[in-house]
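Okay, so here's the structure we're looking at.
Any read-out appearing in this document is the output of simple, stated calculations on the displayed coordinates, not a laboratory observation. Note that the structure is a prediction, hence the values are computed from the model and not measured. So basically every Cβ, Gly included, is an ideal-geometry build from the backbone, and we count neighbours across all protein chains shown.
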Amino acid sequence: MSVKKQIAFNSFISVFSRIVYTLVSLVIIGVMTRYLGEKGFGEYSTVLAVVYVFTVLADLGLYAITIRDISRSGADEIKIVSNSFTLRAVAGLFLFTAGSLIIWFLPYSTEVKRGIAIGSLAYWLFSNINVLLGVFQKNLKMILVGLAELIGRLVQLGLMLLAVKLRLGFVTFIWAMTIGALVHASLVIIFSRRIVPFHLEFDFVYWKKLLKESFPLAASSVLVMFYFKFDTLMLSLMKPQEDVGIYSVAYKVLENLIFLPAMFVGLIMPLISKSFFDNLAYFKRIINSTQRIFIVVATPLFFGGALLAKKIVMLLAGRNFLPATGVLVILLAALTAIFFGTIYSSVLIAISKQKLLTLTYGLGAVFNFGLNLFFIPRFSYTGAAITTFLTELLVTIVMAWLLYREIKFVPSFRPVWPVLAASLLMSWIIYWLRALNLLELVALGGLTYFLSLYAFGGIKKEDLKLFFKDETIAMPNIP
């Protein structure tokens, strides 16, 4: 099977497995919101936001550097993966332990602090296996990652249902997540060692080299954290936990949709990294075709999601969380910017411009922090959502400008008018049939969109051919 056909197959399998995973995740959210209520779900979300900070600090930028390095010709995959995994595990153990102790000095309830200590173990496991994802992406074996994720999530769901039946507290839900993470991480390690037989390796000279290259990305990750999760933390410190719960319901939808651009860019990242050195014309074609596909996907997600936001919140969390409807609409607008920011940031990494990425995220972090200080006290969760949207928009625009300055890349928005027309027609259908249930509206809206998009000429065969068919482009095979 050719590289492009493998990408097509892995894209399909990844999307399918992720859809199933997302459905299970949404069931988990539904169980928690209805059982814990606004306050309890707010406490749960606060725990996840705090441990996410530890995860980002332990990241060290190793994931992107690992996938970039193992994708290059002649790479010593065992050495690269072994040292990256070991370094990530050691750094994470230190940071999660220190963070679990420091948290006792913050103004949270005892239950939240206990949840953070337990959740730190889960996120340490997630942190360790994150660096291994490059192995599956480079070798186009993402189906195994999807399987491990799904099994871990099902274990978590089963334990949470048991906790509800036994009428246990929200800390039990954190334990359920941690046990699910252990299952997930164990499977990923077993699967990845079948592809690359890595081991714990303490090559401190190589660690120094890794850290030197990854430091700009590590700094970028910390800065991204400021505007990806710091809003929840600031909300938890400035407003009641009920507000955190409402905001987090909408944010969970955003988190479960972000996988779309991340998954696709992850699959083509080896091609992007290699083609920049081997075939610059092909490199730019990949970026533009990816962007055009993102336009086709992101636009109806916003239009349809905005119209269906109330039904989504009702299905996901119930009537008590209806104030999250407006928050969800704003965050769906932010998702549109995230689609393009994902491809632009990956390209900057591929061309070894991590430092520019760090400066961009630094600008975004300062911008986000300042806006949150202004908006959250006045508008609570709505203000946090507006800040997220404006920050993502700013960062994406800056990255697009940097790509033009560095490699003269000009983004192509060629299918925007057919896509807008198809999205508006889909929106009209959804509006007039709004009495139907959510699943019926999603099915009818999706069918209307893709049929009208095809009729308006918004789908171009050449974009799909670039990834899904063999071509005569002078592009060396990836080993």
Going toward the positive end of the dipole of the chain, with +1 on Lys and Arg Cβ and -1 on Asp and Glu Cβ, which of Trp124, Val296, Asn368 do you reach last? Val296
Taking the Cα atoms of the chain, what is the range of coordinates along each of the three principal axes, in descending order and whole Å? 61, 61, 41
What ³J(HN,Hα) values, in whole Hz, does the Karplus curve 6.51 cos²θ - 1.76 cosθ + 1.60 give for segment 115-127 when θ = phi - 60°, with x put for Gly and Pro? x, 5, 4, 6, x, 4, 5, 4, 6, 5, 5, 4, 4
State, in angstrom, two size descriptors of segment 181-249 derived from its alpha carbons: Rg to one decimal place and Dmax to the nearest whole number. 18.8, 49
Each residue of segment 200-206 in turn: what ³J(HN,Hα) in whole Hz from Karplus with 6.51, -1.76, 1.60 and θ = phi - 60°, glycine and Pro shown as x? 5, 9, 10, 8, 5, 5, 5
If the limit is 21 Å between Cα atoms, which of Lys252/Lys355; Lys208/Lys229; Lys355/Lys408; Lys252/Lys310; Lys239/Lys310; Lys141/Lys212 go over it? Lys252/Lys355; Lys208/Lys229; Lys239/Lys310; Lys141/Lys212
With no solvent and one point per C-alpha, what does the Debye sum give as log10 I(q)/I(0) for segment 286-326 at q = 0.16, 0.24, 0.28 Å⁻¹? -0.51, -0.73, -0.85
Starting with the highest mean, order 424-435, 113-124 by the number of other Cβ atoms within 10 Å, averaged over the residues of each peptide. 113-124, 424-435
For the chain, what does -39500 (n - 2.57) per DSSP helix run (n ≥ 4), summed and divided by total residues, give at 222 nm, in deg cm²/dmol to the nearest 500? -29500 deg cm²/dmol
Quick check on packing: order 316-324, 197-205, 441-449 by the mean number of other C-beta atoms within 10 Å, highest mean leading. 316-324, 441-449, 197-205
For segment 83-123 and segment 142-179, write down the distance between their C-alpha centroids in whole Å. 19
Between Met314 and Ala443, what is the FRET efficiency for a Förster distance of 22 Å, r being their Cβ-Cβ separation, to the nearest 0.05? 0.80
The ³J(HN,Hα) series, computed from each phi in segment 100-107 with the Karplus coefficients 6.51, -1.76 and 1.60 at θ = phi - 60°, rounded to the nearest Hz and given as x for glycine or proline, is 5, 7, 5, 4, 5, 9, 8, x
Positive-pole candidate from Phe259, Gly158, Gly326, dipole of the chain, charges at beta carbon: Phe259
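Pairs of alpha-carbon atoms within less than 8 angstrom and 6+ residues apart define the contacts here; what relative contact order does the chain have, in percent?
Details: 681 pairs, mean separation 104.1, N = 479.
Rounded, it is 22 percent for the chain.
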